[in-house]
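The values are calculated or read from the model by the stated rules, or taken from the named source; none is laboratory data. Worth saying up front: this structure is predicted, and the values here are computed from it rather than measured. Glycine also receives a Cβ, built like all others from the backbone with ideal geometry; neighbour counts cover every protein chain displayed.
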Amino acid sequence: MVRQALITGGAGFIGSHLTKLLLDAGYNVTVLDNLSTGSRQNLAQLAGNPKLKFIIADVSDEKVLAPLVRKANVIFHLAAAVGVQLIMDDPVNSMVTNIHGTEVVLRHAAHTGTRLVIASTSEVYGKSSKVPFSESDDLVFGNTSKTRWSYACSKAIDEYLALAYHRQSNLPVSVIRYFNTVGARQSDRYGMVLPRFVNQALQGKPLTVHGDGSQRRTFTHVNDSVDATFRISQHQTTIGEVFNVGGSVEISILELAKAVIDRVGSSSTIETIPYSKVYSGRGFEDMARRVPDCSKLDQAIGYTPEHSLNDIIDDVIDTYTIRNLGFDSLPRVAEAIR
Ligand SMILES: NC(=O)c1ccc[n+]([C@@H]2O[C@H](COP(=O)([O-])OP(=O)(O)OC[C@H]3O[C@@H](n4cnc5c(N)ncnc54)[C@H](O)[C@@H]3O)[C@@H](O)[C@H]2O)c1
């Protein structure tokens, strides 16, 4: 029997890659997305596939959601307000989407007992300095006047809700804490650092580093992230558990800017901008290092990220190079010229 997957936020960056993976694996896939940050363009390469159904609606629209949940064998809940810039600009809607939207999905999945994987974030570790971050570590947030932490807190509430539904209603749910996931089709519109750098380097503009650039991060190729996401959904032992999904190579943001200039072959310079100027008056704090411990994931499903940082940068460069040339079907062209 053909299996049915429902992906909320499937027209977004990670969701579109997961949609392709599931179709390739033989699933019928329904994407539910309100196109707030996602786009039809992200699914352009899959248009016309009879196994793909695309529904434009809000995830909290229960009349739309309920029959889709009833039909699904597995649900991936990715719909969320994502990106530091977006959260700083529109904190109310971001929190409502992330908390209310997730509760609706959890409640309906609990009703039918459907296998569910929900997306959380490395942001939940907050200001913790106990690096690398492991799933059992404490979460350390700043005070509530710092808007930045509202994203982390909303996702932490999602995690509490998911684990509570698991305990109280036996919901077969797993939680994924994605660390910076990057690759083709990620937009630079909502403050994502790598697409922004690539776009600036391609245009010969200065690369704008927020803060002094000493903050260190890891980056995960989206193919590694969606592969882990799918495999988590396939294992019984991952039910009721939280997993880090992230990369293994740590790099400072300043080093990342230099690497992008180098890979693009750009003459761009680098400009540092203090956080107070980037997010004036809206309360912003950053963390020095954000590095995952993925040993729990490795034990559960066998996880080693396959893609290097250069692969990741090159994929993002392809996206922007092709977009600048004005092609419509970005992913297909990107694959063809590689
Ligand atoms: N990309 C990363 O590095 C990263 C890191 C940590 C966590 N995550 C999580 O992974 C998930 C996917 O993120 P992404 O990077 O693909 O971002 P994205 O913005 O590309 O995808 C989110 C998708 O959800 C849709 N959406 C938003 N609100 C919705 C609503 N109310 N109803 C229906 N659809 C809605 C958007 O239109 C978009 O297509 C999110 O839950 C995010 O918090 C991503």
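Do we have any residue at all in region 257-270 that's out of contact with any strand residue (DSSP E or B) (no Cβ under 7 Å at 6 or more places or on another chain) and within 16 Å of the ligand (Cβ to nearest atom)? Among the residues of region 257-270, not one is out of contact with any strand residue (DSSP E or B) (no Cβ under 7 Å at 6 or more places or on another chain) and within 16 Å of the ligand (Cβ to nearest atom), which makes the answer no.
You will find that of I176, I232, I157, I253, the residue that is surrounded by fewer than 20 Cβ atoms within 10 Å (Cβ to Cβ) and in contact (Cβ under 8 Å) with a residue 40 or more places away in the chain is I157 and no other. Could you check, for region 203-220, whether at least one of its residues is within 20 Å of the chain's Cα centre (by Cα), within 16 Å of the ligand (Cβ to nearest atom) and under 23 Å from G10 (Cα atoms)? Scanning region 203-220 turns up at least one residue that is within 20 Å of the chain's Cα centre (by Cα), within 16 Å of the ligand (Cβ to nearest atom) and under 23 Å from G10 (Cα atoms). One residue alone among N170, N199 is crowded, with 19+ Cβ neighbours inside 10 Å and in contact (Cβ under 8 Å) with a residue 12 or more places away in the chain, and that residue is N199. When region 126-152 is filtered for residues that are of a type in the set (S, T, Y) and in contact with a Pro (Cβ under 9 Å, 6 or more places away or on another chain), the ones remaining, listed by number, are S134, T147, S150, Y151. Can you find a residue in region 134-148 that is within 11 Å of the ligand (Cβ to nearest atom), hydroxyl-bearing (S, T, Y) and at pLDDT 95 or above? Checking region 134-148: not a single residue is within 11 Å of the ligand (Cβ to nearest atom), hydroxyl-bearing (S, T, Y) and at pLDDT 95 or above. In the set R107, R70, only one residue is out of contact with any Asp or Glu (no Cβ under 8 Å at 6 or more places or on another chain), under 25 Å from D24 (Cα atoms) and more than 9 Å from the ligand (Cβ to nearest atom); that residue is R70. Exactly one residue among T319, T238 is of a type outside the set (G, A, S), at pLDDT 95 or above and crowded, with 18+ Cβ neighbours inside 10 Å, and that residue is T238.
Within region 153-198, the residues that satisfy the criterion of being touching a strand residue (DSSP E or B) at 6+ places or on another chain (Cβ under 7 Å) and either hydroxyl-bearing (S, T, Y) or more than 10 Å from the ligand (Cβ to nearest atom) (or both) are E159, A162, Y165, H166, L171, P172, V173, S174, V175, Y178, T181, F197. Residue count for region 73-98, restricted to those that are within 11 Å of the ligand (Cβ to nearest atom), hydrophobic (A, V, I, L, M, F, W, C) and closer than 21 Å to L171 by Cα: 4. For region 80-98, a residue qualifies if it is in contact (Cβ under 8 Å) with a residue 60 or more places away in the chain, surrounded by fewer than 21 Cβ atoms within 10 Å (Cβ to Cβ) and β-branched (V, I, T), and exactly one does: V84.
Of the strands (runs of 3 or more DSSP E) entirely within region 1-67, those holding at least 1 residues that are under 17 Å from the mean Cα position of the chain (by Cα) and near the ligand (Cβ under 9 Å from one of its atoms) occupy 4-8, 28-33.
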